[in-house]
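S.K.: Would you mind keeping the following structure in view while I ask a few things?
Quick note: the coordinates plus some simple rules give every number you see, no bench work behind them. This is a predicted model, so every value here is computed, not measured. Please note: Cβ atoms are built from the backbone with ideal geometry, for glycine as well, and neighbour counts cover all protein chains shown.
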Amino acid sequence: MIKIPNHLEKQKEVTVTKEELISFETEVKERYESGEILAPVHLSKDNEDELIEIFQYVHPDDWVFSAWRNHYHALLHGFDRQQLMDDIVAGRSMATSSNVNKFYSSAIVGGIIPIALGTAMALKKKNSDNKVWCFIGDMTFETGVFHESYKYAKNFELPIQFVVEDNNLSVHTPTDAAWGVRQEVPEDVVYYRYENGYPHHGTGAWVNF
Amino acid sequence: MKYKDELIRSMKWLGEKDNTLFLGQATAFSGHAISGTLTEIPKDKLIELPVIEEVQMGLCTGLSLEGYVPISIYPRFNFMMLAINQLVNHIDKMKEMSRGMLVPKVIVRVAVGATKPIDGGSQHTQDFTESIKHMLTDTELIELHEPEDVFDAFVYSYNRNGSTVIVEWGDYYSEK
């Protein structure tokens, strides 16, 4: 299930295919399991269709902010495949960033949200036509820093689009069980529900380094 | 010149730059000692924020990614503790994490709260300078102990490729 707010307009056709996304993560998986990657990896699987649809609305000159599970977002925002793979092998799976692609990711829960907000403020001050996309998980959506930032962005009409990627998990903690009640996602936020085909961290296989 | 006058001169100099913005609580409105050093800055550069200390620090980082040089103002060290996550985990680490591609330039102004003539007490007057120094790797921290330190510190911070925390002391506003 995916919800795209009516105010969004498609910006492009996505050329990266579902097969290419899956193939990329498979290569990361294999290189991780071989002991080549000596750092945590966070892999995506089974949300390819949703992300390909969402990235049709992302202009190549927009900023994209993501979290620790960011490989798909980076590829869909124009990262060079080999450069991204090199970064991951070098231990940067959780922090892929680029000024060329206007992309920043972070492994601190909620950390990207205020930064994305500030970049949106800058774009508005410059009268730019571009916007900021901020991809967050369901547990991050429940944090105070999201609600402060969402409220500020909405009140000052900043060009930022939040996307909630809901697998109802933070590591292995079910968000609904931990919070008791889930907050309702606002209508102007992109939302989709999925079950990740990989565990939170690693590949599910025991790796002897 | 006196300590506060040098701060006003420094802010005026920064305010003349095209890409600077001044953000925090009591920037466009009065409210604390630092507010009184922002009097020479064009009003459209003063962005009054709600009490959102962590968001404020991150918001300044985001502004800097698009070329602005934000001056992020915290009137007391104790208040800035709520923004430490953004300072330590993002401003200070972004350059390293991005292989030098993203280098935020944020100037953080923070004051050790005054104890004279009124002592604000333990939640308003603590000095975390040494602790913060130990937390930072790429971000510089500069202490403003004398009036003659002030202007050069802000010029240096504006010109360096990276972020700077500048610590001032509320008591010096009246003493020096």
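S.K.: Taking a cut-off of 19 Å between Cα atoms, list the lysines near B:K12, but don't count ones fewer than 8 places away on the same chain.
M.R.: B:K2, B:K4, B:K43, B:K45, B:K105
S.K.: So what's the angle, to the nearest 10 degrees on a 0 to 90 scale, between helix A:112-125 and the longest Cα principal axis of chain A?
M.R.: Tilt of helix A:112-125: around 40 degrees.
S.K.: Across peptide A:101-111, how many C-beta atoms of other chains are within 10 Å of each residue C-beta, on average?
M.R.: Average neighbour count from other chains, rounded to a whole number: 4.
S.K.: Give me a comma-separated list of calculated 3J(HN,Hα) values for the range A:187-204, in order, Karplus coefficients 6.51, -1.76, 1.60 applied at θ = phi - 60°, integers in Hz, x for any Gly or Pro.
M.R.: Those phi angles translate into 5, 8, 9, 5, 9, 8, 10, 7, 10, 6, x, 10, x, 3, 10, x, 10, x Hz.
S.K.: Need one value for B:50-60: mean number of C-beta atoms belonging to other chains within 10 Å of its residues' C-beta atoms.
M.R.: 6
S.K.: Once both axes come from the Cα atoms, what is the angle between helix A:18-33 and the longest principal axis of chain A, in degrees from 0 to 90, rounded to 10?
M.R.: Once rounded, one gets 50 degrees.
S.K.: Taking 1 over the mean of 1/r across every pair of different Cα atoms in chain A, what Kirkwood radius in Å do you get?
M.R.: Roughly 17.5 Å, rounded to one decimal.
S.K.: Right, another one. If I take every Cα pair under 8 Å that is 6 or more residues apart in chain B, average their sequence separation and divide by the length, what percent do I get for the relative contact order?
M.R.: The value is 25 percent.
S.K.: Shifting gears a bit: Mind checking the mean number of beta-carbon atoms from other chains within 10 Å of the Cβ atoms in B:63-70?
M.R.: Mean partner shielding for this stretch: 6.
S.K.: If the reach is capped at under 17 angstrom between alpha carbons, list the aspartates and glutamates near A:K124, excluding any in the same chain fewer than eight residues apart.
M.R.: The reachable aspartates and glutamates, counting only those whose Cα sits under 17 Å from A:K124, are A:D61, A:D62, A:E157, B:D18, B:D44, B:E48, B:E66.
S.K.: What stretch of chain A, leaving out the sites themselves, is the longest with no trypsin sites (Lys or Arg not before Pro) in a DSSP loop having at most 15 other Cβ atoms within 10 Å? Could you put the intermediate results ahead of the total?
M.R.: Values: sites that count: A:K10, A:K12, A:K126, A:R182.
Within chain A, the longest run free of exposed trypsin sites (Lys or Arg not before Pro) spans A:13-125.
S.K.: Hey, could you get me the Stokes-Einstein D for the range A:63-102, Kirkwood radius over alpha-carbon pairs, 10 °C and 1.306 mPa s, rounded to whole µm² s⁻¹?
M.R.: 160 µm²/s
S.K.: Still on this structure: Kirkwood-based Rg over Rh for the protein assembly as shown (C-alpha set), two decimals?
M.R.: Looking at the protein assembly as shown, the ratio lands at 1.00.
S.K.: So, one more: Applying the Karplus parametrisation 6.51 cos²θ - 1.76 cosθ + 1.60 with θ = phi - 60° to the phi angles of the range B:18-30, what ³J(HN,Hα) value in whole Hz is obtained for each residue in order, glycine and proline being reported as x?
M.R.: Couplings: 5, 9, 8, 9, 10, 10, x, 7, 6, 9, 7, 10, 6 Hz.
S.K.: Same structure again: Can you pull the Rg over Rh of chain B, Cα-only, Kirkwood?
M.R.: In chain B, Rg relative to Rh is 0.93.
S.K.: Still on this structure: Can you pull the semi-axes for the range A:1-88, root of five times each eigenvalue of the Cα gyration tensor, sorted largest first, whole Å?
M.R.: Over the Cα atoms of the range A:1-88, the semi-axes work out to 26, 13, 11 Å.
S.K.: Output the 0 to 90 degree angle, nearest 10, between the alpha-carbon long axis of helix A:144-155 and the longest principal axis computed from the alpha carbons of chain A.
M.R.: Taking the Cα atoms of chain A, the angle to A:144-155 is about 40 degrees.
S.K.: Is the shape of the range A:27-71 rounded, prolate or oblate, going by the alpha carbon gyration tensor and its root eigenvalues a ≥ b ≥ c, with a/c under 1.5 for rounded and a/b larger than b/c for prolate?
M.R.: prolate
S.K.: If you average the sequence gap of Cα pairs under 8 Å that are 6 or more apart and divide by the length of the range A:147-209, what percent do you get for the contact order? Display every interim value, and only then the final one.
M.R.: Values: 36 pairs, mean separation 21.6, N = 63.
Once divided by the residue count of the range A:147-209, the mean separation gives 34 percent.
S.K.: For the range A:7-149, what relative contact order do you get, as a whole percent, if you take Cα pairs closer than 8 Å and at least 6 residues apart?
M.R.: About 25 percent, as a whole number.
S.K.: I've got another one for you. Amide H neighbours of A:S105 under 5 Å, at least 5 residues apart or on other chains, H built in the peptide plane: list them.
M.R.: Here A:S66, A:T96 satisfy the definition.
S.K.: No solvent, one uniform scatterer per C-alpha: report log10 I(q)/I(0) for the range B:74-153 via the Debye equation at q = 0.13, 0.25 1/Å, two decimals.
M.R.: Log10 I(q)/I(0), no solvent term: -0.48, -1.26.
S.K.: Rounded to two decimal places and with Rh computed the Kirkwood way over Cα pairs, what is Rg over Rh for the range B:1-82?
M.R.: That ratio is 0.95, to two decimals.
S.K.: If you average over every viewing direction, what projected area does the convex hull of the Cα atoms of the range A:64-168 give, in nm²?
M.R.: 6.6 nm²
S.K.: List the aspartates and glutamates whose Cα sits under 15 Å from the Cα of B:K176, skipping any in the same chain fewer than 8 residues away.
M.R.: B:D5, B:E6, B:E143, B:E146, B:E148, B:D149, B:E168
S.K.: Hey, another quick one. Would you please give the residues with an amide H less than 5 Å from that of A:N168, counting only those at least 5 places away or on a separate chain, with H modeled from the backbone geometry?
M.R.: Counting only residues 5 or more places away or on other chains, the set is A:D138.
S.K.: Amide H of B:V108: which non-local residues (sequence gap of 5 or more, or other chain) have their own amide H closer than 5 Å, using H built in the peptide plane?
M.R.: Answer set, sorted by chain and number: B:S72, B:T164, B:V165, B:I166.
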